Every structure is written in structure tokens, then in C-alpha cells.
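The values are calculated or read from the model by the stated rules, or taken from the named source; none is laboratory data. Here the structure is a predicted model, which is why all the values come from computation and not from measurement. Please note: Cβ atoms are built from the backbone with ideal geometry, for glycine as well, and neighbour counts cover all protein chains shown. Note: accessible area is taken over every heavy atom of the protein model, side chains too, but ligands, DNA and RNA are not part of it. Shrake-Rupley method; radii C 1.70, N 1.55, O 1.52, S 1.80 Å.
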Amino acid sequence: MYPEQFEYQRPSSVSEAIGLLTANPDAKIIAGGHSLLPAMKMRLAAPAALVDIARIPELKGISASGDGATIGAGATYRELMDDAALAAAYPVVAETCDKVGDPAVRSRGTLGGSLAHVDPAADLTAVMLALGASVTATGPNGARTIGIDDLFVGLLTTTLEPDEIITSISLPASSAGTKQAYEKHSHPASGYAVAGVAVALQVDGTTCTSARIGVTGAPEYAMRATAAEDALVGKELTAETIAAAAEKATEGLGELNGDVYASAEYRAHLVKVLTRRALTRAAL
Amino acid sequence: MVAAPEAPERMVGKALKRREDPRLITGGAQFLDDVKLPGMTHAAFVRSPHAHARIASIDASAASSMPGVLGVFAGDDFMDLNPLPAAWQAGGVTNHPVTPRVLAVGEVHQVGDPVAVVVAEDAYQARDAAQAVIVTWDPLPAVVDAKKATEAGAPQLHEEAPNNIVLEWSCGKEADRVDAALAAADVRISHHLINQRLIPTPMEPRGSIARFDPATGDYTLWATSQAPHVHRLLLAAFVFGIPEQKIRVIAPDMGGGFGAKIFVYYDMAATMALSKKLGGRPVKFWEDRSENYMTTTHGRDHITDLEIGAGKDGSITALKVKTWANLGAYFSTIAAGIPTTLYGRMVAGCYKIPNIRVDVVAAYTNTAMVDAYRGAGRPEAAYVIERVCDLVAQATGVDPAEVRRRNFIQPEDFPYDTGVGMLPYDSGNYELTLDKALEQVGYTGLRQEQKRRRGAGERKLLGIGLSSYVEVCGVAPSKWIGLPGEGWGAGLWESANVKVHLTGKVVVTTGSLPHGQGHETSFAQLVSDRLGIPYDDIEIEHSDTQAAPFGFGSYGSRSLSVGGTAIYKSVDKVVTKAMKLAAHMLEAAEDDITFENGVFSVKGSSESSKTIQEVALAAHVGYDLPEGMEPFLDETTYYDPPNCTFPFGTHVCVVEVDTETGGIDMLRYLAVDDVGNVVNPLIVDGQIHGGIAQGLAQAMFEGAVYDDDGQLLTGTLSDYAIPKASQLPWYELDRTVTPTSVNPMGVKGAGEAGTIASTPAVANAVNDAVGHLISGEIAMPFTPERVWRAINAH
């Protein structure tokens, strides 16, 4: 690879990393690097410096139970897949990580990186929307919590400040043990989501009391399918209600992506089919 | 009495693991990028972002003064070199070859066309400086579609080629006769097929390292090359105008080629010329994947109109094929031979078609050059004829298997002339492979299940695709393929030298060379059996023009059948000479000597014998040789094959199509191939596996896409879908063995068969699954959206 010249810095703490970012506005954070490095190789990105946060101990670690989970932003997909307590409370996380990229990507890519980068075809963005996660962002003025619904605002765009780092991700108790599933149509070359739908349902008997549905791949950035959610809450979870809700899955997603592989029209169709399949698998 | 020597284990036919693999998979190999020379410099090219533009100006002033930069050069600096050669022009017709220069001068014709080159101390500096060269462009309109390129009003690429036409070529019966047969047919089908453009994608991209020696005026070129001797010849005689012996070409270990490393490229000449300009400092160019995708050759890219006439019984009575072949921005080294000799003359496939005609128009477009890619013409031909069989089945209601059976060339028909100018097919038993394949796949049961699912209105439909293929390999008799015939600008023989050294160890030097096929193993197996010398005592040398006498290179599945035969014949000569010497040593008449398992014996006397090692020692030291005999067992053969070979087989693909999403699951893939005799079954199976993966990927995943402005939209491995193991089915392989009489080993060739067979097998399976729901043809690759649209358009 022949990127443009850059400095490489490896801080050992979050505060040191923030200091480096504050000192150099042209620096970029690198964790797993699986989004940034390809862009640098093609000279589409040319940061003056890379601040490598992959080995900062504070960013590691997963603690999970039925009362919620806290995940270090530096946890790799592989680590998320291997955590038994996380898998027990939030099985959709491991299920989804297994569908991310390939073994190399899963061993390097991080949850924090995925959420901060907001690739329109990332997988975990949809899952975190479905689970109602929140992130802790740490900057020069300390830490703050951002709800996942307030994090993504556009293509590759978040409400994070340039010198803020996602340090951890929290999953609420309310989504632990919910009925969860992630359905994905993978791009045959990149493995990215052409469309991906994550669902998390709370039920009382057979009645849906709460529904969160995250959609990725098709919209400009990962979004919730609120019309479909609304169509489920308070209803009996039957094949009919699920099918009816799934028909509403693209409402409010805005203009959908289209490319050589899959048009916007086809992605819209996929979102509906995948929503129905995810809901069916989770609930029935 | 001395015990008779134990018969050594036969090596031919043994599934030996490849002896080259430990080196290749443990980092011990030397690929081009591993070649490090003292004082080596690095070249980076400045490339056109436009598919078609005039170069208004090139300003290298900033780049020239950047750190490490040794020089910046433009096209004018290489005008003492000729354009690259057009080595294979289609036979019997006028060709309009326009080949690339080292750098484009005046005008560019594709994205990535190199217009300037920077040489620097390291590769990073070279690329930084290349980015700083300022080129001013006057963009021109572009055309990317071969058919549109030949229509009135299309943008014109080259003055020398009016209407962008490279050549117009045809083969088979007169048009009138075929038209009459079409008019008389019970069933008439018009159809349109697209064989999409593919990007070869060897794991290792291409590159060159050149070193000029100012003291001798000699060049050494290390290159990713499937044909080092041909590269030497073409660069010396056509580009540089110097004697061949002034250039030595070395091909290091290679990570695949698939045809794309056969050709002469701009960077080979550029690095050589630059090394001379720099007073002899070596110059390296190593393309990155983006450059590989933009500027190394592509494959396929045919647009075809079909007119088919058939009897109600499924017999194919007439076939008229019109194909527009896209050759890209310039004429690549052997580009013209692919859509003509290797495509048109194979369109008949395994069938007797009384009235057949193929017309081909090859055109320039503002895209990457198209040339041979694994299968080279035969996959395009197999796709046409195997789709034809299924179209006839669909139109007549005759089962696809039965259509094939009804039209097959029969075993007693060989040698068989298909009437389209191909050499006579050597041998075959096509029906046997079909029968085996149908039985093993459980064809009748699958058809019942298919019917049941359709009847029940199930969401997942079953499709069964057959592909009975024949291909041509072991290219080729020189007088047929050469200038008097098919237009190839040289011979196509092969050479081999075999030496048995004093120690009894053997060195074979061959003009054939591997880029992943396991030559070192198969060739050693062959020689071991023939000489009775242990396999481990046999070394295979290749890939250096200074070592081998000459070689036309590895492509067209020719290494074993042509290169291997040259080795076989050299071994024969060694044995003949050793026999004479053994007779002398044993004081017996030559007629009384037998040679078996490496031992020369006097007939009827088990005690009088000499091993070949003893004879080799005597030959080498030369103390006591028969009158007139030269010392040393050292024999060379230049072997020109009397015919090509024609492997064949039947592949079956079973798919499940999800009608809701258009997604395809590959349930079964079964192949019954006949490649003649088999030297190493493990290697043959490996070749078939890889071939199937590549052909299946054309049907399912791959496709190079340009937009109307000539921008490559599939320019990275994130966009262009090469197959991954997890996306491929389990392969069920079987074989029949029909030896050829073309060469003494009875071998045919296995390197491309899988690729040729598998694309139509998958295409037929997908069309079979949803054929009743769609009209027309689903274009490859069968992306879920395309299948979904086809189903829902109805």
C-alpha cells in the first residue's frame, strides 16, 4: 500500500489520545482500521496523523448480564462473539458479528469504530438501534452519554465532536432477553449489508409491548423503521400483523441507496422482506 | 544370482502433493515483489482519469523537484521505441491493429492510460510525485459498448480503424444456406446473449523490474510472465529493435495469471528504457490492485445475436451466430485470436450441426484491453451453444438431456470436422459423460422434485442445468495456427532439454512454466517413470530465457500435452542413446538389451545388467564410449503437435431460487470430465475445482461495469465480486478417460475445462428454475435483483 505520508501515534490512555486529537486537527483515530486504511491506500483519505487507540486498556472489556451491558469501544467483533454473558442477554449481537466481513475483519474491527464511522452498510449500527444502546463519548471536557437515536445524523456523520472518542457502549436492561434477530443481504464482494434489519421485541404473552427495528444498508445511514414498530406495538404477534408491519418498514427511511449491484427499488423490497423474516424468526 | 530389482512405484497416475507447495505457502517463494536489486529505483505512472481525452499539456516541474525523484518522463521521451506488437491478427481478413505505446502520446483512450512516468528512490516518493504531475485534459466523448462503437455517429478512437472496427471475420457455411435452413426449420428461435466482461484477478498483480548493463548493452527483465521467451522476442524484435540475445527475461514465482500475464505490457518496455536512461540503475514497477483492474487486460465481453433452427425432435438444424467482441482501447498482444479461432471455431460444441455460421465484429471501445482469459474464447462458445441446447429444449418440449443426446457427435465419428474451420476433434465419448452425470446427480428424481415444487407453488424453485462441453487445448500445430492459417505470428511448438548428470540426477529444462499449475510435480512424475530414476532425483527448471532453449509459454492448457511431450521425446532420445552405451558396456548387441525400471539388461541373462545411473556415469566421464558416440546424456526436443486436443465432459448444476428475493442457493455441483490420461489426479482435480469456481463466478458474481463515460464502476475488490470459498458449493467430481492419439501420453489438458463448462451449467440451471416465469434471458451475473426483476416483470 502506498498512502500519503502520515504520523503514527499510539497513546496509552484515553486522555492522552484526546490530547493528541486536540493538538492536531488533521489527525484521525484508528482502531481496527478496516474502514480507514482502505481509504488511505486509495489516497481518498490522507490524515496527517493516526492516533491508534486499539491497545488502550480502558477501551477493552465487556460486562453483561440481564440488567444491561457495558462494552468497551475497543471490543472487536470477535470478542463480542465470544462473550457468553453478552450472548445470553443480547444474542443478536453475536449473531450479527458472525455476519460481519470475514475472520480478519472480525478480529480487527471494533464496535466503537463501527458506530463512530457510520458506514451506511455497517451491521452493528442497526443492531444498536434495535437494542436502544447509548454511547459514552469522552472529550477534552469530560464524558457525556449520547443515546443511539441521537448519534447518527447523516452519511458517515455523527454528533460526536472531532476530539471526542466513543469510550464505551451501554445496552439497557429493557432490551436484555427480548426477542431478537438480524437478517442481512450481504454484498457478494465486500460482505457489507446491501440491506440489513435488526429487531428487538418485548412481548407479554403473545402481545407485542415494545418494538425496535434498525435498518442499515438501504438508507443513507442506519435508521429505525418507526412505522413498522408502531404497527406492532399492542398487537398480537401473528404472521398477519408481522407481514403488515413489514410492509411499512421503508416508511420514513428517506431516499434509499442504489448502485451497480442493487437499485433503491430492490433495496426497498429487501428491507420489507428482511423485516418480515427477522420479525418472524424473533417472534414466532 | 542377483535378485531382479524391485519394480519402483509408478509415479504417473499418483495423487502426489505438489512439490512446489511448501515453498509457495511458507514464504519461501520468490515472487516479483520479492526481487530486490542493489540500487533499485521505483517507477509510478501518471494516468488518465478520462476514458477519452486529448492531452493538452503535462507540467512536471513541481514533481521533478520532489524528494527522491530521479526523473519524470512523458510519451515524447520514448518515441525511439516502437508501439507494442500485435502478435496474433485474425487469419484471412484485414485487421486494423492499433497497439499501445509505452506512454500515450497526444490522446488517451481509456481510464488509466499512462501519460507520464516518475522514477524515484522509493515507491512512496514515486507515487507522491506522480500525484504532483499536472496534466491538462481536453475530454472527448467515450463509447464502452462494442456494438454501439460500430454504429454511425459513435466516438472514434483511432484513425486507423474506421467505425472502431478492428476486424470482421466469419466461419462456417454460406449465409444463404444457413438462412434457407433456418427458414425450413420446424422451430425457429431468435435470441440475444451477453457474455459480460470479466477481470482476471490473479492473486498476484503484475509488474516488471528491468536492469540495463551499460557495459554490455544487455537488459535483464524480471517480469510476471506466462511466456518469457515470447516477451523477449517481441520486446527485442518489435519494440526495441535489438537482437534477442540482448534481453534476458526471468519470470519469478507467480501467483496466478489466468492469461493476463501472457501479454506484452507498457511497463516492461518502460522499465527497460528507464533503466537505460538512468545509466543502469534497476527500475521496478509494481501495480497495485486498482491499476491491475484499470489497465491489465480483461476477458470475455461479447454481445451475441442468435438465430436457431430446430426439428420438433430437438435436433439442431441451423445456427447463425453474430457476435460483437469488445477488444477495449487498443489491440492487446493476441486479442484478435480469441473471438475468432478460439471462439468462432468452437461454437459447434459437441454437436453435429449441419448449417452453422458465425460472424464476428471486433471493436475498439474506451475500456481496458480485452485478451485471453482462462478459457479464452471457448467459455464464450460453450455459453452460446449450451444455452442454444436449453433454448431448443424449452421451445420443443424435449428434455435438455435428450436434446444434447440427439445432437452429439458419436464415438465412431472421430476424428470429426465440425465444419467451422477447427482442426478435427481427436477423440471423445460425450454421451458417456452425460449418462454418468445424470445418473450420479439423480436427474429423474430432481425433475420430479422440480415439478412438485412448481405445482405446489413453493417459494423456492429448483433448477437443473446441464453443460456438455468440448474445448480445444494443447495449442497448436504451427502450420495451422500460424500466419498461413489462423494468423498467429509465430509457431506454437514447445521445447525441452533433459540431462542425466554424472551422479544420475536429472535436470529437465522446459519452455513451459507454471503460474500455479504444478509443473514441477507432474513433469517429474512423467520423467521418473520413463527413466526409472527416483522422483526426488529429478529437477524441473523453467522460467528463464537463459536456461531453456525456447518456449512459447503456458496458456491454452498446453503445458503437459505440448511441453510434456517435448520432455517425453527428449527422454526417449536419452534412453535410445543410453541403450547403445549399455549394449557397449554389457558387450551385447543393442537388439538384445531391454530397458525396464531404470535397468538395462541383456535378454535372458538376469546377471548382466547396468542401471541407468551407471550408464549416465559412463556417458559423462567418457572413458569408454562406442565409436563415434558423444559424451553425456543430454537431449533436446522441439516438438510441434500434429493436432490440438479436445477435452470434454458434462457438468450439472442444481440451484434453488428464492422467488421472493431472487437469491440463488447452489445445492449441487457435479462434474464428469474427460481430460484423457491423467498424470496427477490431485492436480487435475485442483485445476477442475479452480476452473469451476472461476466459471461459476462469472454466472453468479463477477462482471466489470463501466458507466457511459468509461469510468470503471467495479474498480476494487469491494465492488468486483470474485468468489470466496464460503460462496461455493461442494464439488462432486468424476472422470471418464478417453485417451488422445495426438500425443504419446494420451493426455489432453485440464487447466481451463472447469471454467468453460461451469458458466453455462449455472446459467442453464437458473434459467431452468424460473424459465416458466420469465421471458427472454437473465443477464449474467445472476444477481438477486436481476432474477427478482425477471420474475416480477411478467
Expected unfolding gain across residue B:737-residue B:505 under the 0.36 nm per residue rule, minus the alpha-carbon gap, is 80.3 nm
With every protein chain kept in place and a 1.4 Å probe, region B:672-762 has an accessible area per residue in Å² of 31 Å²
In whole Hz, the Karplus estimates of ³J(HN,Hα) for region A:266-280 (6.51, -1.76, 1.60; θ = phi - 60°; x where Gly or Pro) are 5, 4, 4, 4, 4, 4, 5, 5, 5, 4, 4, 5, 5, 5, 5
Among A:275, B:700, B:137, the residue whose Cα sits farthest towards the positive end of the charge dipole of the protein assembly as shown, when +1 is placed on the Cβ of each Lys and Arg and -1 on the Cβ of each Asp and Glu, is A:275
In region A:256-284, the residues losing 30 Å² or more of accessible area (1.4 Å probe, heavy atoms of protein chains only) relative to their chain alone are A:260, A:261, A:265, A:266, A:269, A:277
If R0 = 60 Å, then residue B:322 and residue A:78, at their Cβ-Cβ distance, give a FRET efficiency to the nearest 0.05 of 0.65
Length gained if residue B:136 through residue B:242 is fully extended, taking 0.36 nm per residue and subtracting the Cα-Cα distance, is 34.6 nm
Residue-normalised value, i.e. accessible area per residue, for region B:91-167 at 1.4 Å probe, in Å², stands at 40 Å²
Protection proxy (average C-beta count within 10 Å per residue), highest first, orders B:155-161, B:446-452 as B:155-161, B:446-452
Toy charge model, Lys and Arg Cβ at +1, Asp and Glu Cβ at -1: chain A dipole around Cα centroid in debye, rounded to 20, equals 520 debye
Simple SL model, points at 7 angstrom along Cα→Cβ for residue B:9 and residue B:590; separation in nm is 3.5 nm
In order over region B:153-160: 3J(HN,Hα) from phi, Karplus 6.51/-1.76/1.60, θ = phi - 60°, whole Hz, x for each Gly or Pro, gives x, 6, x, 9, 8, 9, 4, 6
For chain B, the dipole about the Cα centre with charges only on Cβ (Lys and Arg +1, Asp and Glu -1), to the nearest 20 debye, works out at 860 debye
Taking r as the C-beta separation of residue B:57 and residue A:4 and R0 as 22 Å, the FRET efficiency to the nearest 0.05 is 0.30
For residue B:406 the rounded accessible area (nearest 10 Å², probe 1.4 Å, non-protein molecules ignored) is 100 Å²
Whole-Hz Karplus couplings 3J(HN,Hα) for region B:179-194, θ = phi - 60° and coefficients 6.51, -1.76, 1.60, Gly and Pro as x, run 4, 4, 5, 5, 5, 8, 6, 4, 10, 10, 10, 10, 8, 10, 10, 10
Here the net charge surrounding residue B:70, from other residues whose Cβ is less than 10 Å away from its Cβ (Lys, Arg +1; Asp, Glu -1), is +1
Here FRET efficiency (C-beta to C-beta, residue B:64 to residue B:33, R₀ 30 Å, nearest 0.05) is 0.65
Sorted by accessible surface (1.4 Å probe, heavy atoms of the protein chains only), largest first, B:493, B:488 come out as B:493, B:488
Using alpha carbon centers only, region B:312-349 is separated from region A:247-284 by a whole-angstrom value of 42 Å
Region A:153-177 scanned against label point 7 Å out from residue A:22 along Cα→C-beta; backbone N under 18 Å for A:160-167
Computed for region B:1-92: size of charge dipole around the Cα centre, +1 on C-beta of each Lys and Arg, -1 on C-beta of each Asp and Glu, debye to nearest 20, value 440 debye
